[in-house]
Amino acid sequence: MASTHITPTRMELTRLKNKLVLAVRGHRRLKDKRDELMRQFMEMIRENMELRRKVEAGIHAAGQNFVIAKAAMDAAALNTALMVPKQEIWLEIRRRNVMGVNIPVFVTKTRTADENDIYPYGLAFTSGDLDLAVKSLADILPDMLKLAETEKACQLMAEEIEKTRRRVNALEHVTIPETKKSIRYITMKLDENERSAQVRLMKVKDLMLEEAHHYP
């Protein structure tokens, strides 16, 4: 806000002082929010890295078992064994609020609770390596979903941190300094006007006294 565009009145001065109080208070709260967001963001990043290592290790182990199973089984038999999945999983996306950010929460439910329903084939006619591959993929699925959840949460938190950082910087480097500058400008103008008014009153008083001496 340029000083030349400000009307130097006491009403405007009061308005700007109230604006400054709100800006300082908002700046402090936004800084606290930014710091808390950063703390929780770093925790999510650490959790995300640990989950990624675990998921990558699980997928690598499952891949090795599939390669061995493929070498031990006929290709047609392998394809037939995996053609029709037996188990089904439903995924529900819920939300939880973290410092004003809606973080996704994945909730899963299987068609049945039987652990053996992950095998869409008869165990007597397939390789044990195929059983290990299917089991390792089933075991790693919850971690894969948790990884997707945390990666999306990290993305949303990072966006909110950047948004909050921009607002903090705008208040700290633009709004608060300009408001203070405007308050100083109005205060200076009001003081100047008050001094000018006092000088005029003194001159008027002197003229009145001078006239009183000429007209006893």
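The values are calculated or read from the model by the stated rules, or taken from the named source; none is laboratory data. Nothing here was measured: the structure is a model prediction, and the numbers come from that model. Quick reminder, even Gly has a Cβ in these numbers, built from the backbone with ideal geometry, and neighbours come from all protein chains shown. The area values use the complete protein model at the heavy-atom level, side chains included, leaving out ligands, DNA and RNA. Shrake-Rupley method; radii C 1.70, N 1.55, O 1.52, S 1.80 Å.
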Do the conditions hold for Lys54, that is, is it in a helix (DSSP H, G or I), within 30 Å of Pro142 (Cβ to Cβ), of a type in the set (D, E, K, R) and modelled with pLDDT under 95? yes
Could you please find all residues in the range 105-119 being open to solvent by 80 Å² or more (accessible area, probe 1.4 Å), modelled with pLDDT under 80 and of a type outside the set (Asp, Glu)? Ala113, Asn116
Give me the pairs, please: first residue somewhere in the range 44-56 and closer than 26 Å to Ala133 by Cβ, second residue anywhere and hydrophobic (A, V, I, L, M, F, W, C) and open to solvent by 50 Å² or more (accessible area, probe 1.4 Å), beta-carbon distance under 8 Å, and either six or more positions apart or on two chains. Val55/Met144
Here are some conditions: (1) assigned to a helix (DSSP H, G or I); (2) open to solvent by 50 Å² or more (accessible area, probe 1.4 Å); (3) under 22 Å from Thr187 (Cβ atoms). Phe66 meets all but one. Which one does it not meet? (3)
Within the range 73-98, the count of residues that are under 42 Å from the mean Cα position of the chain (by Cα), touching a residue at least 24 places away in the same chain (Cβ under 8 Å) and assigned to a loop (DSSP other than H, G, I, E, B) comes to 5
Which of the residues belonging to the range 12-39 are open to solvent by 40 Å² or more (accessible area, probe 1.4 Å), under 26 Å from Glu160 (Cβ atoms) and in contact with a helix residue (DSSP H, G or I) (Cβ under 9 Å, 6 or more places away or on another chain)? Lys19, Val24, Lys31, Lys33, Arg34, Met38
Taking the residues in the range 124-145 that are out of contact with any helix residue (DSSP H, G or I) (no Cβ under 6 Å at 6 or more places or on another chain) and open to solvent by 70 Å² or more (accessible area, probe 1.4 Å) as candidates, determine which candidate is nearest to Val98 (Cα to Cα). Pro142
Of all residues making up the range 69-84, the number that are surrounded by 12 or more Cβ atoms within 10 Å (Cβ to Cβ) and not small (Gly, Ala, Ser): 5
